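The values are calculated or read from the model by the stated rules, or taken from the named source; none is laboratory data. All of these numbers come straight from a predicted model, not from anything done at the bench. Note that each Cβ is placed from the backbone with ideal geometry, even for glycine, and that neighbours are counted across all protein chains shown. Note: accessible area is taken over every heavy atom of the protein model, side chains too, but ligands, DNA and RNA are not part of it. Shrake-Rupley method; radii C 1.70, N 1.55, O 1.52, S 1.80 Å.
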Amino acid sequence: MKGRVIALTPPPVHAALVIDGRVEDILPSPPEGQPHIGAIMSARVDRQISGQNAAFVTLPGALQGYLREAKGLKSGDAVRVMVTGLPEDGKAVPVSHRILLKGRGVILTPGRPGVNVSRQIRDPDLRARLAAAVVQPDDETGVIIRSAAREIDEAALMAECAALSARLAGSDGAATSAHPMLAEALRDWTDPLPEIIACPTELEDHLDWERDPGALHHDPDLADALRFGDGDPFDHFGVWDEIEKLKSPRSDLPSGGWMAIETTRAMVTVDVNTGEQFTGGAGMTANVEAARELPRQLRLRGLGGQVIVDFAPMKKQHRKKIEETLKQAFRRDPIETTLAGWTPLGNFELTRKRERRHLLECL
């Protein structure tokens, strides 16, 4: 099927992005009781960490958080924080007092006033018009106008600002959606607009579409794309089949080679193999295919942190081609990634922000 589709499952709500019939991203709902990145909540300072300008805080649900930039805080102080990362096993949840409340067209920045327009919007007249159309919710809260605002009516942008501001007034997680993956999908996968947002009929009554997610309430373009139907869209668009493949470390490549993607506590390891191909250029062919596919595989599997890639044997002068292919591939990926380069043993190293839980932990 050609086109851009957001597919949603029945509760618990998971979301998938399908482009031209290929699953490009999956956002599973987090395990019950676990915070998600972007959750905003009230916390209480437990104790300062000597010499680190940081503190441990108690979060709702008796979770422990690790707050950087805690200068001036003391035990017992109440502070509003945002979850900024996923905790490793046995460690506290990373949180920050620098809050960002993201919508499809705008981002609110409490404590950092001013109106700023995305650099991707280059038309000076449009930049000026958007900046004039959006008003700060209050003197202490700024607004960032995102690139997707190019496609959004100015009245809808103001409505989104009002909706986000109302959520910000909440506490203990009320400032975030009750269905965070659905809200994130409608926020980040709708530029450009999808042709279909496919939902099973069960969701029509299960969700309050005027409040959660708020984007549909004030964005007529998204509301027009919403389709309810019988059956599970994950079945219809092949998402469950893709998830079955992701249960295996192996990811097949077009030429017959494959990657083995495996996780350890310290890092993610990727081993590229040529399969049954033994010609002189087989290694280079498999390596280029692996470099193109790697961002998608890491994204779908929900993997981050340190990643080490052991490419198939190739001549040293071909490394530049692999580097350029990796740069192009990761440039289109939304998760912050740093390409560190080649190690002394000839492997390629990169680091990727931990923004997702492992897919299979959530499903």
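In segment 344-359, how many residues are among the hydroxyl-bearing types (Ser, Thr, Tyr) and in contact with a helix residue (DSSP H, G or I) (Cβ under 9 Å, 6 or more places away or on another chain)?
Number of matching residues: 0.
Kindly indicate the residue of segment 327-346 that is assigned to a strand (DSSP E or B) and open to solvent by 30 Å² or more (accessible area, probe 1.4 Å) and also farthest from Val95 (Cα to Cα) among those meeting that condition.
Trp342
Which numbered condition in (1) over 21 Å from Leu100 (Cβ atoms); (2) more than 25 Å from the chain's Cα centre (by Cα); (3) open to solvent by less than 70 Å² (accessible area, probe 1.4 Å) is the only one that Leu73 fails?
(1)
Here are some residues: Ala54, Ala78, Ala16. Which one is in contact with a helix residue (DSSP H, G or I) (Cβ under 7 Å, 6 or more places away or on another chain) and modelled with pLDDT of 90 or more?
After applying the criteria, what remains is Ala16.
Would you mind stating whether Gly304 is open to solvent by less than 30 Å² (accessible area, probe 1.4 Å) and at pLDDT below 95?
Yes; evaluated as a whole, the condition is true for this residue.
Enumerate the pairs (first residue in segment 220-233 and farther than 12 Å from Glu195 by Cβ; second residue anywhere and exposed (fewer than 13 other Cβ atoms within 10 Å of the Cβ)) with beta-carbon separation below 7 Å, excluding pairs fewer than 6 apart on the same chain, so at least 6 apart or on different chains.
These pairs meet every condition: Phe228/Thr201; Phe228/Glu204; Gly229/Thr201; Asp230/Thr201.
Between a residue in segment 301-325 that is under 17 Å from Thr285 (Cβ atoms) and any residue that is open to solvent by 20 Å² or more (accessible area, probe 1.4 Å) and charged (D, E, K, R), which pairs come within a Cβ distance under 7 Å, given they are 6 or more apart or on different chains?
Asp310/Asp271; Thr325/Arg292
What's the number of the condition Val309 fails, among (1) open to solvent by less than 60 Å² (accessible area, probe 1.4 Å); (2) in a helix (DSSP H, G or I)?
Condition (2) is where Val309 drops out.
Quickly run through segment 352-363 and pick out the residues that are aliphatic (A, V, I, L, M) and either open to solvent by 50 Å² or more (accessible area, probe 1.4 Å) or assigned to a loop (DSSP other than H, G, I, E, B) (or both).
Across segment 352-363, the qualifying residues are Leu360, Leu363.
Against the definition (surrounded by fewer than 21 Cβ atoms within 10 Å (Cβ to Cβ) and in contact with a helix residue (DSSP H, G or I) (Cβ under 8 Å, 6 or more places away or on another chain)), how does Leu126 come out, yes or no?
So Leu126 fits the description; yes.
Quick test for you: out of Glu349, Glu324, pick the one residue that is at pLDDT 95 or above, surrounded by fewer than 18 Cβ atoms within 10 Å (Cβ to Cβ) and under 17 Å from Ile261 (Cβ atoms).
Glu349
One residue is enough: does segment 256-266 have a residue meeting the conditions open to solvent by less than 20 Å² (accessible area, probe 1.4 Å) and either of a type in the set (Phe, Trp, Tyr) or under 30 Å from Met158 (Cβ atoms) (or both)?
no
Would you list the strands (runs of 3 or more DSSP E) that sit entirely within segment 184-288 and hold 2 or more residues that are of a type in the set (A, V, I, L, M) and modelled with pLDDT of 95 or more?
Counting at least 2 such residues, we get 258-263, 268-273.
Checking Met314 against (1) of a type in the set (A, V, I, L, M); (2) open to solvent by 40 Å² or more (accessible area, probe 1.4 Å); (3) within 30 Å of Glu88 (Cα to Cα): exactly one of these is not met. Which one?
(3) is the only condition that Met314 fails.
List pairs: first in segment 337-348 and over 15 Å from Pro313 (Cα atoms), second open to solvent by 70 Å² or more (accessible area, probe 1.4 Å), Cβ under 9 Å, 6+ apart or cross-chain?
Thr337/Lys353; Thr338/Lys353; Leu339/Lys327
Tell me which residues, restricted to segment 24-39, are farther than 16 Å from Pro87 by Cα and either crowded, with 22+ Cβ neighbours inside 10 Å or among the basic types (Lys, Arg) (or both).
Ile26, Leu27, Pro28
Looking at Gln277, is it surrounded by fewer than 20 Cβ atoms within 10 Å (Cβ to Cβ), within 17 Å of Glu355 (Cα to Cα) and without any contact (Cβ under 8 Å) to a residue 60 or more places away in the chain?
For Gln277, the condition - surrounded by fewer than 20 Cβ atoms within 10 Å (Cβ to Cβ), within 17 Å of Glu355 (Cα to Cα) and without any contact (Cβ under 8 Å) to a residue 60 or more places away in the chain - is not met.
Looking at Arg98 and the list (1) closer than 22 Å to Arg167 by Cβ; (2) in contact with a strand residue (DSSP E or B) (Cβ under 6 Å, 6 or more places away or on another chain); (3) of a type in the set (Lys, Arg), which single condition is not satisfied?
(2)
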